[in-house]
Amino acid sequence: MPVRNSMLGVVVLTVATVGLGGAAGARTAEEAKAFAEKAVAHIKSVGEEKAFADFSRADGGYVDGELYMFCYAPDGTNKAHGGNPAFVGKNLLGVKDPDGFPVNAEIIKLGMDKGTGWIDFKWPNPVSKKIETKSAYVIKVNDNVCGSGYYKG
């Protein structure tokens, strides 16, 4: 069982519980990108408040196996998180992966600077329950950065 007092341990525990609502198994870059683009269309259709709530619920249509949506404000405040809804409203700018890479700061920087793009980091896989390399596709939407990713193993 993961250590509960570490931020990453909480992610492993919650993602393993919440993130298995849909298809399990390895996903692809194309699926992650399409998932994120579908979520952006949802934001544009129903607005941020409803979309972010949908993204953060296991039954909201945006948690599918190891694919889930996350969104951040420019200051690092989490606006939506399908893998760990407890993150919503918290500033996660300082979260680092096991190698010390400032994941959320770099996700936000990429989205704000380039609008869209891919970023790699290490994160708990909800299917394998192991720390793996994850590649996330991020998109700037209004004043936020949202994304989804797949695990490379």
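Across segment 7-151, the mean sequence separation of Cα contacts (distance under 8 Å, 6 or more residues apart), normalised by length, yields a relative contact order of 28 percent. FRET efficiency for Ala73 and Glu106, Cβ-Cβ distance as r, R0 = 22 Å, nearest 0.05? Efficiency, from the Cβ-Cβ distance: 0.90. Residue pairs exceeding 25 angstrom between C-alpha atoms, taken from Lys38/Lys114; Lys50/Lys152; Lys96/Lys130: Lys50/Lys152. The Rg/Rh ratio of segment 7-151, with both radii computed over alpha carbons and Rh defined as the Kirkwood radius, is 0.91.
Rounded to whole numbers, the Karplus 3J(HN,Hα) couplings from phi for segment 58-69 are 4, 9, x, x, 10, 10, 9, x, 7, 8, 7, 8 Hz, using 6.51 cos²θ - 1.76 cosθ + 1.60 with θ = phi - 60°, and x at Gly and Pro.
No value in this document is a laboratory result; all are computed from the given coordinates. Since the structure is predicted, the reported quantities are computational estimates derived from the model, not experimental observations. Counting neighbours? That spans all protein chains shown, and the Cβs are built from the backbone with ideal geometry, glycine included.
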